[in-house]
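The values are calculated or read from the model by the stated rules, or taken from the named source; none is laboratory data. Just so we're clear, the structure is a prediction, and the values are computed from it rather than from any experiment. Note that each Cβ is placed from the backbone with ideal geometry, even for glycine, and that neighbours are counted across all protein chains shown. Calculation scope for accessible area: heavy atoms of the full protein, side chains included, ligands and nucleic acids excluded. Shrake-Rupley method; radii C 1.70, N 1.55, O 1.52, S 1.80 Å.
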Amino acid sequence: MNFFNLILWPFKWAVSAVLWVFHSAFTAIGMDPASGWTWVLSIVGLTLVMRTLTIPLFMKQIRSMRGMQVIQPEMAKLQAKYKGKTDQVSRQAMAQEQMALYKKHNVNPLASCLPILAQMPIFFGLFQVLNGVRGAAERDEGILVLNAQMIHQFNDGTLFGAPLFSTLRAPGDGNHTSTVIIAVVLVIAMTVTMFISQKQLAGKNVSEATKQSPMYRQQQMIIYIFPIIFAITGINFPIGVLIYWTVSNLWSMGQQYWMIRRNPTPGSQAERELNERRAAKGLPPMGKTKEEHEAEVEEARAKAAAGQRQQPMSKKRQKAQAKKGQGQQNQPAAGEVVDGTAEDVTGQDQQVVETPQNTSGNPANKPRKRGGSGSSALKKK
Amino acid sequence: MTEPRHHHGVAGRQHESSQDLFDAAPSEFVHPNNAFQILWLLPQNLLIAGLKMYRALVSPLYGDVCKHFPTCSAYGLESLTRHGALRGLGLTVRRLLRCHPWAAGGIDRVPDGGRPFTSVEQLPKIVLLNHPTPEDRARLLASFAPAASSSPADHTTRQSSPAEPQVS
């Protein structure tokens with residue numbers, strides 16, 4: 001037994017024990033112990049148990065996300081400071097300052113690395129158990145808690161005539177057409193669920209600042225590469241493993257959906273959508289009390305009534321005006337009343353074409369006076 | 001008001017050179033000088049290669065997860081690069097054990113020491129990423145210098161050298 005197997009042993013044991021419990025329970029309520037469906041349901045049950053165990057960690061993260069609202073103004077400043085600086089080292093400098101900010105306010109919205117790493121032996125343990133069923137059946141052995149008879153039932157179980165442990169490459173002695181159809185459908189389901197949770201859902205839950213970073217672009221590329229990797233490796237996966245993976249991805253998808261709808265990242269598209277839904281119901285935006293929100297709306301109204309209304313204008317004109325006016329241009333009082341104008345302080349002396357940004361997410365009320373543009377012009381050239 | 005603006009200025013000047021500095025930076029791998037070293041450095045270089053692959057392929061899938069700066073994988077890569085296979089691995093494992101959901105997180109750097117570097121240009125890519133500001137790099141390089149040398153002098157020579165060619 002090598003080192004790797006020694007570490008995996010307890011995880012394999014747990015996996016086989018959970019499978020045994022589910023199989024016995026389903027048999028007890030009158031299901032056929034040798035039926036493929038009983039075993040498929042046991043695998044689904046196992047997946048659900050595994051994912052349920054990670055819920056406390058997930059909830060811990062949700063709770064720590066709430067503290068983020070407190071540091072929103074400072075985060076917006078930080079984002080404005082690094083706006084347009086998209087090279088890797090600058091993004092790292094921003095990440096470093098961001099981390100110092102979290103520490104200062106004793107908040108940390110990140111999930112931490114250990115749970116992800118801990119999931120790996122669980123998955124490998126499960127994979128080894130499921131992948132080992134066929135071999136164990138041939139050798140007439142049991143796998144840990146599951147005895148030889150159960151392993152035989154497991155191995156002989158079929159789904160529409162397709163053996164549970166047949167793969168696309170080795171369809172076994174069952175119904176080959178059935179195996180091919182089921183395996184292909186599962187590989188596609190597995191890939192699509194993964195793609196949706198990564199691309200559709202996670203894409204919405206990313207702040208505009210993160211979207212500029214090279215890491216994000218790399219991540220987007222990987223999201224397209226992984227389906228290909230899955231499709232290729234999928235031909236070697238037994239149907240039983242594919243079922244586990246698909247159910248697990250479905251769970252992640254649901255969990256992501258719930259989190260993004262209820263607890264979106266500040267400054268992301270998901271947060272804007274949530275605030276729109278809340279506005280429709282007459283609720284204040286996330287993280288603000290009703291009074292705060294009303295005060296802001298009132299202030300905006302007073303400002304509009306007081307005199308010239310701030311006309312919406314293009315970024316180009318804003319820059320021209322800002323250059324002309326330097327000091328005397330309006331300082332937005334509340335910061336978010338006139339979106340866009342406050343944002344462009346850093347951008348005005350930059351020739352680089354800016355990435356189009358939706359500014360409503362990050363108010364970025366810069367306390368810096370316009371006189372500062374002299375020094376920022378210096379630093380650019 | 002002056003304090004943050006000054007800081008902004010430094011970061012801005014840094015921006016012009018940081019990408020070039022990063023592009024020109026050497027890789028993390030340790031280059032052997034003789035046949036014996038090829039074998040001796042093999043574990044370190046293999047671990048570095050593995051971690052680089054993990055960072056390229058697996059890390060992006062999870063998005064931002066780590067509670068620290070540098071992230072666990074960046075910390076691991078830097079500690080393997082600077083401190084070698086054995087100590088690097090030990091440091092990485094200990095960091096991972098620190099990165100749990102109840103940890104406070106924050107800035108947590110690889111300890112000083114290990115493979116010495118004398119100039120910014122020598123710093124491998126991961127060390128640059130983990131020391132993103134000129135101040136961070138100056139501090140790191142000063143830690144390698146003999147105790148007698150004063151760090152401010154060090155700071156200025158290094159500051160001017162990478163920045164100069166970049167001034168348009």
Handout entry: Members of the stretch A:61-119 that are more than 9 Å from chain B (Cβ to nearest Cβ) and of a type in the set (A, V, I, L, M, F, W, C)
Key = A:I62, A:M65, A:M68, A:V70, A:I71, A:M75, A:A76, A:L78, A:A80, A:L101, A:V107, A:A118
Practice task
Give me a count of the residues in the stretch A:70-94 that are open to solvent by 30 Å² or more (accessible area, probe 1.4 Å) and among the β-branched types (V, I, T).
Solution key: 2
Exercise for the section: Kindly indicate whether any position in the stretch B:105-120 is over 16 Å from the mean Cα position of the chain (by Cα) and either within 14 Å of chain A (Cβ to nearest Cβ) or surrounded by fewer than 18 Cβ atoms within 10 Å (Cβ to Cβ) (or both). Expected result: yes
Problem - In the stretch B:66-80, the residues that are open to solvent by 20 Å² or more (accessible area, probe 1.4 Å) and either more than 14 Å from every other protein chain (Cβ to nearest Cβ) or of a type in the set (A, V, I, L, M, F, W, C) (or both) - result: none
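So that you can scan it fast, the table gives a plain yes or no per residue for (1) of a type in the set (A, V, I, L, M, F, W, C); (2) within 30 Å of B:E135 (Cα to Cα); (3) in a helix (DSSP H, G or I); (4) modelled with pLDDT under 90:
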site	(1), (2), (3), (4)
A:P10	no, no, yes, yes
A:R51	no, no, yes, yes
A:L57	yes, no, yes, yes
A:M65	yes, no, yes, yes
A:M68	yes, yes, yes, yes
A:Q98	no, yes, yes, no
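Looking at B:L96, B:L61 in this structure, which one is closer than 24 Å to A:Q212 by Cβ and either of a type outside the set (V, I, T) or in a helix (DSSP H, G or I) (or both)? Quick ask: steps written out before the conclusion?
On the way: B:L96 fails: closer than 24 Å to A:Q212 by Cβ.
Answer to the selection: B:L61.
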Handout entry: Index of the failed condition, B:S17 passing every other in (1) under 16 Å from the mean Cα position of the chain (by Cα); (2) buried (at least 17 other Cβ atoms within 10 Å of the Cβ); (3) at pLDDT below 90
Key = (1)
